[in-house]
1. Inspect the stretch 487-508 for any residue being open to solvent by 10 Å² or more (accessible area, probe 1.4 Å), more than 21 Å from residue 459 (Cα to Cα) and either small (Gly, Ala, Ser) or not in a strand (DSSP E or B) (or both) and give the result as yes or no.
2. In the stretch 195-211, which residues are farther than 23 Å from residue 466 by Cβ and assigned to a strand (DSSP E or B)?
3. Does residue 20 satisfy the criteria of being buried (at least 16 other Cβ atoms within 10 Å of the Cβ) and β-branched (Val, Ile, Thr)?
4. For the stretch 8-17, indicate whether the set of residues that are crowded, with 22+ Cβ neighbours inside 10 Å and of a type in the set (Asp, Glu) is non-empty.
5. Limited to the stretch 434-446, what total is found for residues that are open to solvent by less than 10 Å² (accessible area, probe 1.4 Å) and either under 18 Å from residue 395 (Cβ atoms) or in contact with a Gly (Cβ under 8 Å, 6 or more places away or on another chain) (or both)?
6. Which residues, counting only those in the stretch 447-462, are open to solvent by less than 10 Å² (accessible area, probe 1.4 Å) and assigned to a loop (DSSP other than H, G, I, E, B)?
7. Looking at (1) out of contact with any His (no Cβ under 6 Å at 6 or more places or on another chain); (2) over 26 Å from residue 165 (Cβ atoms), which one does residue 352 not meet, given that it meets all the others?
8. Restricting the stretch 402-425 to residues that are in contact (Cβ under 8 Å) with a residue 60 or more places away in the chain and open to solvent by 20 Å² or more (accessible area, probe 1.4 Å), which is nearest to residue 388 (Cα to Cα)?
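The values are calculated or read from the model by the stated rules, or taken from the named source; none is laboratory data. What you see is a predicted model, and the numbers here were worked out from it, not measured in a lab. Positions of Cβ are backbone-derived with ideal geometry, glycine not excepted, and every protein chain shown enters the neighbour counts. Surface areas here come from the heavy atoms of the whole protein model, side chains and all, with no ligands, DNA or RNA. Shrake-Rupley method; radii C 1.70, N 1.55, O 1.52, S 1.80 Å.
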Amino acid sequence: LYSVDFSRDPFGVLLRRRATGTVLLNTTVAPLIFADQFLQISTSLPSRFLYGLGEHRGTLLHSLDWSTLTLWARDVAPTESFNLYGAHPFYLLMEEGGDAHGVFLLNSNAMEVALQPAPALTWRTIGGVLDFYIFLGPDPNMVIQQYQQVIGFPAMPPLWALGFHLCRWGYGSSNNTWQTVRAMRNYQIPQDAQWNDIDYMDGYRDFTFDPQKFASLPSLVEDLHKHGQRYVMILDPGISSTNPHGSYWPFDEGLRRGLFLNTTQGQPLIGQVWPGYTAFADFSNPDTHQWWLENLQRFHAHVPFDGLWIDMNEPSNFMDGSEEGCPPGELDSPPYTPAVLGDSLSAKTVCASAKQKASVHYNLHNLYGLMEAKATASALIQIRGKRPFIISRSTFPSQGRYSGHWLGDNRSQWKDMYYSIPGLLSFSLFGIPLVGADICGFSGSTSEELCTRWMQLGAFYPFARNHNTQNEKAQDPTAFSPAARTAMKDVLLTRYSLLPFLYTLFHRAHLQGDTVARPLFFEFPQDVATLGLDRQFLWGQSLLVTPVLEPGVDSVTGYIPRGVWYDFYTGSSVNSSGEMLKMSAPLEHLNLHVREGAILPTQKPGVTSEVTRGNPLRLIVALSSSATAWGDLFWDDGESLDTFERGSYSYLVF
């Protein structure tokens, strides 16, 4: 598929695609610099159509006009140009003519990728080695499949993970949490899982719950289970370090076994997080995984949770470095510091010089969330014996094998709703299909109109959770007027009716690395009009979602790729030559179109995925112009481990 040529002077490598002669890499354009803490290599690019390189907030298609993307896990509300929670040193590039290739740099150190209008790209990392993987595609779907052959295919989620999740910080008590669950049931609004944020804990300490305000938590969880619903709560990696000896087992035992990040002096590094002073679990140590499991087992005996939400795992620290700052030296003050927020590697995290079992934190920082997810998935399997459900804030390549991701602390603003779409699609590229943003926005105050539109969009996030911060008015569906509430309920029922289709897409992701939420250009790579589209997306090959992303409108303009598309609700068809189409979009309506030639398996929706599972199925058949159609359905018990691998499933082709 390709040829490689080495050049001695100027030094470099040229990689060509044989079929077209396109030069995919040419590193002779600038010198290679290969020093202990400074590695830099540049290449020309065959086009300006570049995607990936996370985690950042921005358009799906990157601008090459002198933008520098920094990769260093950081706790900060998503903001354009900042390095965010995860690190994904992978890009996808669309060549002229519709071919695609991908490049992955397997390197966990702090890094910058400088994009230049030539077009060209410079990788700059301050540790490790240059270990590149090139994926030849030639189709964008195949590039992402090939990338996942290296980093691992995503885990198959349990069916309930694909239902609607509800959360907020600041329910204040288990009884208030319970009230919300009851209100949802009262209006028969679908809900699979109820969550709690840190306010359930006693003094914000992991593996505890508030004995006054959350006294009824075990009863709430029992009630959820009786109704076929699930419970998920938050966990942080910072372990409270100031309790009297003998009063807090997680810290005492972690200290006894030597499981925390240490300073260069060999003492536990102490930072500050929600409970106050904390030590940080070292998940690069296998012994920590055992301790984590034991803590979770002890808590599960009181509160039988079903899934876990792992937050603050960049790791986040309210101090820079530690209570004592960081020592002088080339790890905390390297010869070159990439353009990280805060201008220091230790800004709002731990010292880069901190010692971990596997290496120094300098090398392991971007891997922290991945290692915690691995420990958590393993613990959940041992405790529950079923498929684990985990949502993590910090991520690294291969994260999809262990967890999903939410896009962090967004705001209740229209632009945040728009930015969730490129966020969603980028994580599809990174092999983490179970992804979504906080529906209706986390911080700030939502409006009824914004929340209605966001619930319509969010009903088509692969991971659909409405989440809110403390001291803001409620934004769950029951908090709004009857009209808004009904619109939210209707779109959730639409999602639940499509669970067989969505579940099958996740099976294909697990089996071979297909994307679930998919950019339009993946299906129409030769149509240049699709290359910048990030206000619409597809589920799989065949369901087109065109949400309203601005206030005060009753119509939306979206791109309809070439071919026949059918209105999901009415079956009326539009035969497009590849054009922008203005569609009616009153407040209660989300535009959905089915592509010709598709068969979608659906089910009569119920109030939980468990109820829905038992309902009659039906097929939506969208005939192509030549009167053919194809679809498939993967079905199993929805939660057992390795059902495909064990042959405990049905797979039907229509």
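1. Checked the stretch 487-508: no residue is open to solvent by 10 Å² or more (accessible area, probe 1.4 Å), more than 21 Å from residue 459 (Cα to Cα) and either small (Gly, Ala, Ser) or not in a strand (DSSP E or B) (or both).
2. Across the stretch 195-211, the qualifying residues are 202, 205.
3. Working: buried (at least 16 other Cβ atoms within 10 Å of the Cβ): no; β-branched (Val, Ile, Thr): yes.
No; evaluated as a whole, the condition is false for this residue.
4. Going residue by residue through the stretch 8-17, those that are crowded, with 22+ Cβ neighbours inside 10 Å are none.
No: the stretch 8-17 contains no residue that is crowded, with 22+ Cβ neighbours inside 10 Å and of a type in the set (Asp, Glu).
5. Counting residues in the stretch 434-446 that are open to solvent by less than 10 Å² (accessible area, probe 1.4 Å) and either under 18 Å from residue 395 (Cβ atoms) or in contact with a Gly (Cβ under 8 Å, 6 or more places away or on another chain) (or both) gives 6.
6. So the first thing to find is which residues in the stretch 447-462 are open to solvent by less than 10 Å² (accessible area, probe 1.4 Å), and the list is 450-462.
Of everything in the stretch 447-462, those that are open to solvent by less than 10 Å² (accessible area, probe 1.4 Å) and assigned to a loop (DSSP other than H, G, I, E, B) turn out to be 459, 460, 461, 462.
7. Of (1) out of contact with any His (no Cβ under 6 Å at 6 or more places or on another chain); (2) over 26 Å from residue 165 (Cβ atoms), only one is false for residue 352: (1).
8. Pass one, the stretch 402-425, residues in contact (Cβ under 8 Å) with a residue 60 or more places away in the chain: 402-412, 414, 416-419, 421-425.
With open to solvent by 20 Å² or more (accessible area, probe 1.4 Å) added as a condition, the list becomes 402, 407, 409, 411, 414, 418-419.
Working: 402: 8, 407: 20, 409: 24, 411: 29, 414: 33, 418: 30, 419: 28 Å.
Only one residue fits best here, namely 402.
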